[in-house]
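These notes are about the structure you will find just below.
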Amino acid sequence: MSKTMELSETTTIDTLRFATAGSVDDGKSTLVGRLLHDSKSVLADQLEAVKHASRNRGQEAPDLALLTDGLRAEREQGITIDVAYRYFATPRRRFILADTPGHVQYTRNMVTGASTAELAIILVDARNGVVEQTVRHAAVAGMLRVPHVVLAVNKMDLVGYEEREFERIVEDFAGHAAELGLPGFTPIPVSALVGDNVVDRSTHMDWYRGPALLDFLEEVPVGVETADAPARFPVQYVIRDGEVRYYAGQLVSGALRVGDRVTVHPSGETSEITGIDVLGSAREVAYAPQSISVRLADQRDVSRGDLITSGVDVPALTREVRAAVCHLADRPLKVGDRVLVRHTTRTVKAIVQDLGGAESLAANDLGRISLRTAEPLALDDYAVSRCTGAFIVIDPADGATLTAGMVEL
């Protein structure tokens, strides 16, 4: 019996979602490829395809970056354009990784990849140090409140594995991190091409006493934020069974228990939970991020888009929305635009009142927005909840996503 199977019978293996980011040619795709290859997470036919593509380029050794550069345009240009998602596992943890683009014009793709990540790996080329796009990606990680940030100083082999070069870059990044409000970061010196400190500890950097990258990914705590946060349950669907109503959806944070007094927003009506079902089985308690259905003691007017909460820590009910944003669409967003705002499962009409002093936002712009909605929304600050503190702005004409917003109360 394998070690993975033995572990599965005795403990629950959790999942870490993480994203990679950095400037162009810092080696993101090579790092991800090395991580997959050295952790034995690449199928034989995948590796053979990479070897074949590498030989066609005149390379004897397989180019591990091709494991994630999946689009033909990416392979031809040698850059990452789209967000490449990969899934792999070790005996200690499952992983969902997003390899995001490095170019300025694809910043919105980095926002997409990091929006659900619990950890971001920001790469820096040891020869170039911290550059403008490195700071931009750190700003995005800070804006998205990514709980953990790793500064991977790559290509250490090209600077002779010098500790002074590593410390210089760490000190420079620390100054930017403090300005951007990053709570902290973990620096790791690596060489993705050679494999130093990616899966196995390097023999070339005796001065480094910290973990290899994979060791850190396996040990960093996950799921703490949603477990400790106030209970938030956006209603996605109402199921009617005779006179009984079940309210179904995903519990996005906290816990709900049978007997809890709850409040329905935006109506403000209160009731008590009399039953909780998880996958068709009755439970006394449910935890985020489980998909559940709940029954209430009273017949209340609850519908899709309502938010059920418990306890005294309630969201702010408001029609005035202020947020940090990243504009995602090619179409500019302008003051005075009439839009739709989708918050959890609720969609309301709104008008753009202010863009932080700017007249408009173009694709990949980071900025601020003030909206007035036609109906009240039950909002949390994004720093409190990345689920109920986030929303998207939609074009009412064609349903296209325009902007991603992080609420600031």
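The values are calculated or read from the model by the stated rules, or taken from the named source; none is laboratory data. These numbers were taken from a predicted model, which means no experiment stands behind them. All Cβ positions, glycine included, derive from the backbone under ideal geometry; neighbour counts span all protein chains shown. Calculation scope for accessible area: heavy atoms of the full protein, side chains included, ligands and nucleic acids excluded. Shrake-Rupley method; radii C 1.70, N 1.55, O 1.52, S 1.80 Å.
Tabulated results
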quantity: Protection proxy ranking of 269-279, 114-124, 320-330, 364-374 - average other beta-carbon atoms within 10 Å, highest first; calculated: 114-124, 320-330, 364-374, 269-279
quantity: Antiparallel bridges, percent of DSSP beta bridges restricted to region 145-283 (to nearest 5); calculated: 70 percent
quantity: For region 195-271 versus region 138-157, the gap between their alpha-carbon centres in whole angstrom; calculated: 21 Å
quantity: Hz values of 3J(HN,Hα) by residue in region 132-149 - Karplus curve (6.51, -1.76, 1.60), Gly and Pro given as x; calculated: 4, 6, 4, 5, 4, 5, 5, 5, 5, 4, x, 5, 7, 6, 5, x, 10, 10
quantity: Top positive-direction residue, dipole computed over the chain with Cβ charges, set 181, 316, 16; calculated: 316
quantity: Cut-off 20 Å, label 7 Å out along Cα→Cβ of residue 272, residues of region 297-337 by amide N; calculated: 297-302, 308-313
quantity: Nearest-20 debye value, region 261-322 charge dipole, Cβ charges on Lys, Arg, Asp, Glu; calculated: 160 debye
quantity: Per-peptide average of other Cβ atoms within 10 Å, ordering 26-32, 232-238, 136-142 highest first; calculated: 26-32, 136-142, 232-238
quantity: Pairwise FRET efficiency - residue 372 versus residue 209, Cβ, R0 = 41 Å, nearest 0.05; calculated: 0.15
quantity: Trypsin sites (Lys or Arg not before Pro) restricted to DSSP loop in region 147-222 with at most 12 other C-beta within 10 Å; calculated: 209
quantity: C-alpha long axis of helix 44-56 to longest principal axis of the chain, angle in °; calculated: 50 degrees
quantity: Under Karplus coefficients 6.51, -1.76 and 1.60, residue-wise ³J(HN,Hα) of region 108-121 in Hz, glycine/proline x; calculated: 4, 5, 5, 4, 4, x, 8, 4, 10, 7, 9, 8, 10, 9
quantity: Cα-based helix-to-principal-axis angle, 28-38 vs the chain, degrees rounded to 10; calculated: 80 degrees
quantity: Dipole moment magnitude, nearest 20 debye, region 207-298 about Cα centre, only Lys, Arg, Asp, Glu C-beta charged; calculated: 120 debye
quantity: With DNA, RNA and ligands ignored, accessible area of residue 14 (1.4 Å probe; Å², nearest 10); calculated: 60 Å²
quantity: Interchain or long-range residues, amide H under 5 Å from residue 375's placed H; calculated: 349
quantity: Normalised contact order of the chain, rounded percent, pairs of Cα under 8 Å and 6 or more residues apart; calculated: 11 percent
quantity: DSSP-defined beta bridges in the chain - what % are antiparallel, rounded to 5; calculated: 75 percent
quantity: Eligible aspartates and glutamates near residue 349 by straight Cα distance, threshold 13 Å, same-chain separation 8 or greater; calculated: 320, 337, 375, 395
quantity: Lys, Arg +1 and Asp, Glu -1 on Cβ, resulting dipole of the chain about Cα centre, debye, nearest 20; calculated: 840 debye
quantity: Region 401-409 - phi-based ³J(HN,Hα) in whole Hz, Karplus 6.51/-1.76/1.60, Gly and Pro as x; calculated: 6, 9, 8, 9, x, 10, 5, 10, 9
quantity: The chain - mean residue ellipticity at 222 nm from DSSP helices (-39,500 (n - 2.57) per run, n ≥ 4, rounded to 500); calculated: -6500 deg cm²/dmol
